[in-house]
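Asker: The following block contains the structure, expressed as structure tokens.
The values are calculated or read from the model by the stated rules, or taken from the named source; none is laboratory data. Treat the numbers as computed from the prediction; the structure is a model and nothing was measured. Methodologically, a virtual Cβ is constructed for each residue, glycine included, from the backbone with ideal geometry; neighbour enumeration extends over all protein chains shown.
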Amino acid sequence: MEKQLLRFKVNGDEYEVYINPKTLLAEVIRDHLGFTGTKRGCETVSCGACTVNVNGFSVKSCSVLAIQCQDMDVTTVEGLEKNGKLSPIQRAFLDNGSYQCGFCTPGMLMSSTAFLEELKGEVPTEEKIRESIEGNVCRCTGYNSIVRAIDAVAQGKYKEE
Ligand code: FES
Ligand code: FES
């Protein structure tokens, strides 16, 4: 199959990659560009470990073709840190012990980042927070510490540094 040129931004930088049009976004991010923070878990759109943000919306990168992201802006977990400073949700995860093995963590961080941006300052209910991560499976934490971290950021306890 003839390769196609994909031009897009990842974590603020422009990339041009020749890919088979059937290549998944998860594969391009990890294997072509080396952003291995994005995890491949189920690869059947169930676990959320591969979640990245595309134009601000959280997307399971095993569920979209990379070529669909032509001219778009993709953020992976590596892009959350700015100038060596962790983002508010990253710091809240650290402070609240919101991870154990860490495999789900990049996907959780990306889903919660998109959720917090959508809120535009509104403080969500616990139910809404839980709904926001229902596409992300964690086999270790029991979710409560993750919910606490998202709530703390939504309450304004963590600011951009
Ligand atoms: S690897 Fe994409 S949802 Fe599980
Ligand atoms: S911390 Fe292990 S799967 Fe979530």
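Asker: Would you please list the contacts, defined by Cβ atoms under 9 Å and residues six or more apart or on different chains, that run from a residue in the stretch 59-84 that is at positive phi to a residue that is more than 16 Å from ligand 2 (Cβ to nearest atom) and acidic (Asp, Glu)?
Answerer: Pairs that qualify, where the first residue is at positive phi and the partner is more than 16 Å from ligand 2 (Cβ to nearest atom) and acidic (Asp, Glu), are Asn83/Glu161.
Asker: I need the full set of residues from the stretch 80-96 which are farther than 25 Å from Arg40 by Cβ and part of a loop (DSSP other than H, G, I, E, B), in order please. Please lay out each step first, then the result.
Answerer: So in the stretch 80-96, the residues farther than 25 Å from Arg40 by Cβ come out as 82-85, 88, 91-92, 95-96.
Correct list: Asn83, Gly84.
Asker: Show the residue pairs meeting these rules: Cβ distance below 7 Å; 6+ apart or different chains; first residue within the stretch 134-149 and within 17 Å of Leu116 (Cβ to Cβ) and more than 16 Å from ligand 1 (Cβ to nearest atom); second residue part of a helix (DSSP H, G or I) and not hydrophobic (A, V, I, L, M, F, W, C).
Answerer: These pairs meet every condition: Ser145/Asn96; Val147/Glu126; Val147/Arg130; Arg148/Asn96; Ala149/Asn96.
Residue-wise test of (1) in a loop (DSSP other than H, G, I, E, B); (2) farther than 18 Å from Ser111 by Cβ.
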position	(1), (2)
Val17	no, yes
Val28	no, yes
Thr38	yes, no
Glu43	yes, no
Asp71	yes, yes
Glu78	no, no
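Asker: So, Asn55, is that one free of Cβ contacts under 8 Å to residues at least 24 places away in the same chain, under 22 Å from Phe115 (Cα atoms) and not assigned by TED's automatic domain parsing to the domain that holds Leu116 or not?
Answerer: Yes: the conditions hold for Asn55.
Asker: May I ask you to list the residues in the stretch 136-148 that are more than 7 Å from ligand 2 (Cβ to nearest atom), in a loop (DSSP other than H, G, I, E, B) and over 15 Å from Lys39 (Cα atoms)?
Answerer: Selection gives Gly142, Tyr143.
Asker: Identify, please: which residue in the stretch 32-50 is more than 7 Å from ligand 1 (Cβ to nearest atom) and either without any contact (Cβ under 8 Å) to a residue 60 or more places away in the chain or β-branched (Val, Ile, Thr) (or both) and is, among those, surrounded by the most Cβ atoms within 10 Å (Cβ to Cβ)?
Answerer: Out of the qualifying residues, it is Thr38.
Asker: Could you grab me the full set of residues in the stretch 78-103 that are of a type outside the set (Phe, Trp, Tyr), within 23 Å of Gln155 (Cβ to Cβ) and surrounded by 15 or more Cβ atoms within 10 Å (Cβ to Cβ)? Even if it seems obvious, please write down each step before you answer.
Answerer: Let us first name the residues in the stretch 78-103 that are of a type outside the set (Phe, Trp, Tyr), namely 78-92, 94-98, 100-102.
Keeping just the survivors that are within 23 Å of Gln155 (Cβ to Cβ) gives 80-82, 85-92, 94-98.
Hits for the stretch 78-103 are Leu80, Leu86, Ser87, Pro88, Ile89, Gln90, Arg91, Ala92, Asn96, Ser98.
Asker: Can you confirm whether Ile133 is within 13 Å of ligand 2 (Cβ to nearest atom) and either more than 16 Å from the chain's Cα centre (by Cα) or crowded, with 21+ Cβ neighbours inside 10 Å (or both)? First the steps, then the outcome.
Answerer: Numbers: within 13 Å of ligand 2 (Cβ to nearest atom): yes; either more than 16 Å from the chain's Cα centre (by Cα) or crowded, with 21+ Cβ neighbours inside 10 Å (or both): yes.
For Ile133, the condition - within 13 Å of ligand 2 (Cβ to nearest atom) and either more than 16 Å from the chain's Cα centre (by Cα) or crowded, with 21+ Cβ neighbours inside 10 Å (or both) - is met.
Asker: Out of the residues in the stretch 149-161 meeting the condition of being part of a helix (DSSP H, G or I) and not charged (D, E, K, R), tell me which one is farthest from Leu94 (Cα to Cα). Even if it seems obvious, please write down each step before you answer.
Answerer: Step one: list which residues in the stretch 149-161 are part of a helix (DSSP H, G or I), which gives 149-154.
Imposing the further condition that a residue be not charged (D, E, K, R) reduces the set to 149-150, 152-154.
Working: Ala149: 9, Ile150: 12, Ala152: 12, Val153: 12, Ala154: 16 Å.
Once the filter is applied, the top-ranked residue is Ala154.
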